[in-house]
Structures are given as structure tokens and as C-alpha cells.
Amino acid sequence: MDIRLFAIAAALPLAACMGGEAPVESTPPPPTEMTCNADAAQSYVGQTATGAVGAAILKATGARTLRWGPPRSAMTMDYRQDRVNIMYDDAYKITQVTCG
């Protein structure tokens, strides 16, 4: 098969996606009203990680979402001001409470 035909066949779907109109400008989403305050939950460090403790930490910090950090697990580096992170060890003892 001729390489030029292959290149044209690969470019056709991309050409179909191009429109004649200018792109519409999008506005960024409004800032999140709820932010996390990890200082309010430092008293939970050392306690056993349970669903009830997680809910209490979520309420105490004012965060919108909660992310558990099990031992030896990879976590994304994205920052979210409305998220509380709870890290715990093999014995399910909370070792750290942070925001982001």
C-alpha cells in the first residue's frame, strides 16, 4: 500500500472534526466556596481510620470530598482546595490529615 494513501486516510477523520466557526470562549468555573482546613482535624491523628472518623474529619475540615491514603499506595498530585486527605498505616491508625 502506498504510504501517501495511508497518510491521507489517517488525516481524513481529523479534517472532519474541524468546523468553519470560531471556537466558543469558555469561562472558568467559579471558585469553590468550600475549602479545607486541616488544622481543625489534627486531633484525629492517631485514631483508628473508620468511616465514622472519616465523616467526622470531613465535617470538621469543611471539605467537600475525602480521599483515603492507604500505606504504600500511589496518589495523584492534583491539588483540590476542597478535599481532605487522610493517610493511615498498616494498623489503620491515622498518621496524617492534609488538604489538597
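Every number in this text was worked out from the coordinates using simple rules, so none of it is lab data. Not measured: the values here are computed from a predicted model. Don't worry about glycine lacking a Cβ; one is built from the backbone with ideal geometry, like all the others, and counts go over all protein chains shown.
Of all residues in segment 72-100 being touching a Lys or Arg at 6+ places or on another chain (Cβ under 9 Å), hydrophobic (A, V, I, L, M, F, W, C) and surrounded by 14 or more Cβ atoms within 10 Å (Cβ to Cβ), which is nearest to Thr50 (Cα to Cα)?
If we take residues in segment 72-100 being touching a Lys or Arg at 6+ places or on another chain (Cβ under 9 Å), hydrophobic (A, V, I, L, M, F, W, C) and surrounded by 14 or more Cβ atoms within 10 Å (Cβ to Cβ), then Ile86 is nearest to Thr50 (Cα to Cα).
Mind listing just one residue for me: the one in segment 39-68 that is assigned to a strand (DSSP E or B) and within 18 Å of the chain's Cα centre (by Cα) and, of those, surrounded by the fewest Cβ atoms within 10 Å (Cβ to Cβ)? Step through it out loud before you land on a result.
To start, the set of residues in segment 39-68 that are assigned to a strand (DSSP E or B) comprises 48, 65-68.
Then keep just the ones that are within 18 Å of the chain's Cα centre (by Cα); that gives 65-68.
Numbers: Thr65: 12, Leu66: 16, Arg67: 16, Trp68: 14.
The selected residue is Thr65.
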